[in-house]
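**Student:** Structure in structure tokens, see below.
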Amino acid sequence: MTQTAHGVEFTQRLSETPKSADERAAILANPGFGDYFTDHTAVVDYSVDAEGNGGWHDARVEPYGPITLDPSAAVLHYGQEIFEGLKAYRHADGSIWTFRPEANAARLNKSARRLALPELPEEYFLTAIRELVSVDREWVPSGDGEALYLRPFMIATEAFLGVRAAREVSFRVIASPAGNYFGGELKPVSIWISREYARAGRGGTGAAKCGGNYAASLIAQQEAEAHGCKQVLFLDQFNDNAVEELGGMNVFFVMKDGSLATPALSGTILEGVTRSSVIQVAKDMGRGVSERKITLDEWRDGVASGEIAEVFACGTAAVITPIGVLKDETEFIGSEDATAGETTMAIREQLLGIQTGKVEDTHGWLTRLA
């Protein structure tokens, strides 16, 4: 059976052993985050022919399961891999929508260029998501704050050990029902300052969404968790301890005059889709937004003086999360008794309202999937 949409044809081979309705219901009752996966995956392969011409082919939806790779596959040795993250939301009428997928498709290609991987046409990206969600639509939860998390990724599959860009690549999309990223009631989180480790360096891959960046952050994340913190903050130690980003989220400051400030994109910070959406939503509310250098000293002094009224983090998985305390062995900025700020919650409710269909989408950010 084939499906054709937007000029891209996907072949479907459906699972012979999908989860039963009861099994699926049990999972959706407490999905967690990234713990369970739907019955299918979408795949598109890429290869270069003898004449040196590359192309995407064999677009398909197939049962979710292990990927067979040669032990010498390039991704295993040289880390040629990129990924994206976005969500599918079930609206009140039962329809399923996603949020700004074109921005994710564009960022995937930006990452692909940096990692010497082939760019994927936008229509393949969008159709892969649409096909997968159409097949696995019963996996999209309907609880408050819940969604189906979509993980598109691209890996170098060519079997060789030479140091060059791979000529065989696979693009795939998997999906996982998701609850609240930090679990339970939305409360301000504690953040650990990484003094020893950097997430990325100048001229590196910081602006790309690739696995190596996250691998580099894990040791700092472990340090944060050992000190009772949910996330880690990375600084540019060679630039006055300028604030960069958390291990997987961008940072915003709400000033006492109601305006917002966020670290400027410098090549070492990932350009988050949620980040750019927050900027637009804030502007829609009539709030000023500045993208500029923000140092640890400014954070410390601003909280102490009241110039900084609220701090929050944002990203696809958690959407918006208030920050209560920033600390390490010598610093303690903020309060463990902090509550979510009024501006933080107003922006969060507006953004979530658009994503879930409860607030009018005046920017055309939503795309229907099923």
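**Student:** Calculate how steeply helix 273-284 sits against the longest principal axis of the alpha-carbon atoms of the chain, using the helix alpha-carbon long axis, and give the answer as 0 to 90 degrees to the nearest 10.
**Tutor:** Helix 273-284 sits at roughly 50 degrees to that axis.
**Student:** Moving to a separate point now. Give me the extension gain from ALA50 to SER259: residue separation times 0.36 nm, minus the current Cα-Cα distance, reported in nm with one decimal.
**Tutor:** 69.6 nm
**Student:** In the range 1-107, which GluC sites (Glu not before Pro) are in a loop and have at most 15 other Cβ atoms within 10 Å, using DSSP for the loop call?
**Tutor:** GLU16, GLU51
**Student:** Out of ALA106, ALA26, ALA128, any idea which swings most in a Gaussian network model of the chain, alpha carbons joined below 10 Å?
**Tutor:** ALA26
**Student:** How large is the dipole of the chain about the Cα centre if only Lys and Arg carry +1 and Asp and Glu carry -1, each at its Cβ, rounded to the nearest 20 debye?
**Tutor:** That gives a dipole near 420 debye.
**Student:** Would you mind telling me the antiparallel percentage of the DSSP bridges in the chain, rounded to 5?
**Tutor:** Bridges in the chain that DSSP calls antiparallel: roughly 80 percent.
**Student:** By how many degrees, between 0 and 90 and to the nearest 10, does the Cα long axis of helix 122-135 differ from the longest principal axis of the chain?
**Tutor:** Result, in degrees: 80.
**Student:** Using the structure shown, select from LYS293/LYS327; LYS87/LYS110; LYS87/LYS293 the pairs with a Cα to Cα distance greater than 22 angstrom.
**Tutor:** LYS87/LYS293
**Student:** To continue, here is another question. Averaged per residue, what accessible area in Å² does the chain show with a 1.4 Å probe, protein chains only?
**Tutor:** I get 44 Å² per residue for this part.
**Student:** Who wins for biggest fluctuation among PRO322, PRO263, PRO121 in a Gaussian network model of the chain, springs between alpha carbons below 10 Å?
**Tutor:** Highest fluctuation among the options: PRO121.
**Student:** Considering only protein heavy atoms and a 1.4 Å probe, what is the carbon-and-sulfur percentage of the accessible area of the chain?
**Tutor:** For the chain, the apolar C and S fraction of the accessible surface comes to 47 percent.
**Student:** Which value at 222 nm does the chain reach when only helices count, each DSSP H run of 4 or more adding -39,500 (n - 2.57), with the total divided by all residues and rounded to the nearest 500 deg cm²/dmol? All intermediate terms of the calculation are to be shown ahead of the outcome.
**Tutor:** Values: 8 runs with 95 residues, N = 370.
Mean residue ellipticity, 222 nm, calculated: -8000 deg cm²/dmol.
**Student:** List the GluC sites (Glu not before Pro) within the range 125-200 that fall in a DSSP loop (any state other than H, G, I, E or B) and whose Cβ has at most 16 other Cβ atoms within 10 Å.
**Tutor:** Hits after loop and neighbour filter: GLU185, GLU196.
**Student:** Here's another thing I want to ask about it. Only Cα pairs within less than 10 Å get springs; with that Gaussian network setup on the chain, which residue of GLN237, GLN221, GLN12 has the largest fluctuation?
**Tutor:** GLN237
**Student:** Can you give the local net charge around ARG24? Use residues other than it whose beta-carbon is closer than 15 angstrom to its beta-carbon, Lys and Arg +1, Asp and Glu -1.
**Tutor:** Working: positive: LYS19, ARG90, ARG137; negative: ASP22, GLU23, ASP35, ASP39, ASP136, GLU138, GLU146.
Around ARG24, the surrounding residues sum to -4.
**Student:** How far is helix 342-356 tilted, in degrees, relative to the longest principal axis of the Cα atoms in the chain, given as a value from 0 to 90 rounded to the nearest 10?
**Tutor:** So the helix axis and the longest Cα principal axis differ by about 10 degrees.
**Student:** So what's the net charge close to ARG167: Lys and Arg +1, Asp and Glu -1, counting the other residues with Cβ under 13 Å from its Cβ?
**Tutor:** Combined, the nearby Lys, Arg, Asp and Glu give -4.
**Student:** Please go through the range 326-370 and write out the GluC sites (Glu not before Pro) that DSSP classes as loop and that have at most 11 other C-beta atoms within 10 Å.
**Tutor:** Within the range 326-370, the qualifying GluC sites (Glu not before Pro) (loop, at most 11 other Cβ atoms within 10 Å) are GLU329, GLU336, GLU360.
**Student:** Here's something else I'd like to know. Using a simple charge model, +1 on the beta-carbon of Lys and Arg, -1 on the beta-carbon of Asp and Glu, nothing else, what dipole does the range 5-94 show about its Cα centre, in debye to the nearest 20?
**Tutor:** Numbers: 6 positive and 15 negative charges, 77 e Å.
With Lys and Arg at +1 and Asp and Glu at -1, about 360 debye.
**Student:** Would you kindly find the accessible area of TYR197, with a 1.4 Å probe and non-protein molecules such as ligands, DNA and RNA excluded, rounding to the nearest 10 Å²?
**Tutor:** TYR197 has an accessible surface of roughly 60 Å² with all protein chains in place.
**Student:** How large is ³J(HN,Hα), in whole Hz, for each residue of the range 148-156 in order, when computed from phi with the Karplus curve 6.51 cos²θ - 1.76 cosθ + 1.60 and θ = phi - 60°, using x for Gly and Pro?
**Tutor:** 9, 7, 9, 10, x, 8, 10, 10, 7
**Student:** Report for the range 187-304 the percent antiparallel among DSSP-assigned beta bridges with both residues inside it, nearest 5.
**Tutor:** 45 percent
The values are calculated or read from the model by the stated rules, or taken from the named source; none is laboratory data. Computed from a prediction, not measured in an experiment: that's the story for all the values here. All Cβ positions, glycine included, derive from the backbone under ideal geometry; neighbour counts span all protein chains shown. Ligands, DNA and RNA are stripped out before the accessible areas are found, and what is left, the full protein with its side chains, is counted by its heavy atoms. Shrake-Rupley method; radii C 1.70, N 1.55, O 1.52, S 1.80 Å.
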